[in-house]
Amino acid sequence: MNLRKLNLNLLLVFDHIWSTRNLTQVASQLNMTQPGVSTSLNRLRELFNDPLFKWNGNTMTPTPRARQLAPRIHALLVEMDQLIGGSSNDIAETKREFVLASVDWVFADSGNGLLLRVRNQAPGIKLRFEHLSLAMFEQQERYGIDLIIAPDVGLLNTTLEKRQIYEDSFIGVAAKDNLSVGKRPSINKFATLPKIQLNTAGLAVSHHHSVNTEKAANGSSAGGDWSVQTYSYLTIPFLLQQSDCVAVVPKRLAQHLEGVTDIRTFTLPRSFGPLPIFLYWPKQFNDDLQHTWLRQQIVETAHPE
């Protein structure tokens, strides 16, 4: 390869095409015209002697060569950003954006604490929270994800490191004025209560929440007395209002919600087991000082005491 032909802006175009697979979006993100993006893509193809991306109907599909290049180009751009942005050792002066993927209830539990730490210590760092999907976990480099915070999703991705940061559990919640459930209902009583359940279809953490609440409490697989299924734990406190329904939610989230909504917690008649939460990150960032600093902030946020 003739390095004189290399323009870092071309690599930036490649990185954005890899993330979006949409030339119109790339043009908007980079403040370019769409013909300009197409010209850059043609130059990239010439530079690497490979088509890089092929059209499959309305979808851009990367070639094997593009898949090989993508993580290396992204890492190079991150290093260049650090070099231009200042000393990687000076966290207070760092200017960098990190993309974190998780589910809403994890962000609701820990997001504010992490934001305050970053604003106090490194105000030049920007955090972009994305809702986690299985595709993001399986193809983290395609989506430009720097960190994932989630339960064990049951998938093997050898490009990611993994560290448990805390262990949660499940607890029952009901409206404060719901007199149909006490502090710890019996197994039989709990089995008859109408429930609001999380519908986990399509969620990256579905296997952690697909437990039928009646089955878990009653030890039986017969039927599920649910009244509503919802897409988010954060909707549950509002759905519970003035109803006789109950729900099962992560305990740490319930403790936050109990202070700001009209719900109360109760002990489940039988344990659902632990809910360990893990931090995942690409191995290429193991020695990245800024990335390491942010990982440590996440760990400390998970243990505020």
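Just to be sure before I move on: is Trp18 in a strand (DSSP E or B) and either among the hydrophobic types (A, V, I, L, M, F, W, C) or surrounded by fewer than 19 Cβ atoms within 10 Å (Cβ to Cβ) (or both) in the structure I sent? Criteria not met by Trp18. What residue, of Thr94, Thr158, is surrounded by fewer than 17 Cβ atoms within 10 Å (Cβ to Cβ), over 15 Å from the mean Cα position of the chain (by Cα) and farther than 23 Å from Phe53 by Cβ? Residue meeting the stated conditions: Thr158.
Scanning the range 165-192 for residues that are farther than 15 Å from Leu239 by Cα and among the hydrophobic types (A, V, I, L, M, F, W, C) yields Ile165, Phe170, Ile171, Leu179, Val181, Ile187, Phe190, Ala191. Output the residues belonging to the range 12-59 that are touching a residue at least 12 places away in the same chain (Cβ under 8 Å), more than 25 Å from Asp81 (Cβ to Cβ) and under 29 Å from the mean Cα position of the chain (by Cα). Hit for the range 12-59 is Thr59, nothing else. When the range 268-305 is filtered for residues that are surrounded by fewer than 19 Cβ atoms within 10 Å (Cβ to Cβ), of a type in the set (A, V, I, L, M) and more than 19 Å from Glu93 (Cα to Cα), the ones remaining, listed by number, are Leu275, Val299. Would you be able to say whether some residue in the range 220-229 is among the aliphatic types (A, V, I, L, M), modelled with pLDDT under 90 and either surrounded by fewer than 21 Cβ atoms within 10 Å (Cβ to Cβ) or touching a helix residue (DSSP H, G or I) at 6+ places or on another chain (Cβ under 7 Å) (or both)? Scanning the range 220-229, I find at least one residue that is among the aliphatic types (A, V, I, L, M), modelled with pLDDT under 90 and either surrounded by fewer than 21 Cβ atoms within 10 Å (Cβ to Cβ) or touching a helix residue (DSSP H, G or I) at 6+ places or on another chain (Cβ under 7 Å) (or both), so the answer is yes. Close Cβ contacts (under 6 Å, 6 or more residues apart or on different chains) running from residues in the range 176-199 that are surrounded by 12 or more Cβ atoms within 10 Å (Cβ to Cβ) to residues that are of a type in the set (S, T, N, Q) and in a loop (DSSP other than H, G, I, E, B) comprise Arg184/Thr267. Can you find a residue in the range 47-69 that is part of a helix (DSSP H, G or I), charged (D, E, K, R), surrounded by fewer than 13 Cβ atoms within 10 Å (Cβ to Cβ) and out of contact with any Leu (no Cβ under 7 Å at 6 or more places or on another chain)? Within the range 47-69 (the criterion being part of a helix (DSSP H, G or I), charged (D, E, K, R), surrounded by fewer than 13 Cβ atoms within 10 Å (Cβ to Cβ) and out of contact with any Leu (no Cβ under 7 Å at 6 or more places or on another chain)), the answer is no, since none of the residues qualifies. Of the residues Ala75, Ala108, the single one that is part of a helix (DSSP H, G or I), in contact (Cβ under 8 Å) with a residue 60 or more places away in the chain and not assigned by TED's automatic domain parsing to the domain that holds Gly144 is Ala75. Got a sec? Which helices (runs of 4 or more DSSP H) wholly within the range 228-305 have at least 3 residues that are without any contact (Cβ under 8 Å) to a residue 24 or more places away in the chain? By residue number, 251-260. Of the residues making up the range 3-11, not a single one is modelled with pLDDT under 90 and under 20 Å from Glu138 (Cα atoms). When the range 106-142 is examined, which residues are found to be surrounded by 18 or more Cβ atoms within 10 Å (Cβ to Cβ) and closer than 15 Å to Leu279 by Cα? Selection gives Val106, Phe107, Asp109, Ser110, Leu114, Leu132, Met136, Phe137, Gln140.
The values are calculated or read from the model by the stated rules, or taken from the named source; none is laboratory data. All values reported here derive from a predicted model rather than from experimental measurement. Heads up, the Cβs are rebuilt from the backbone with ideal geometry, glycines too, and the neighbour counts pull from every protein chain shown.
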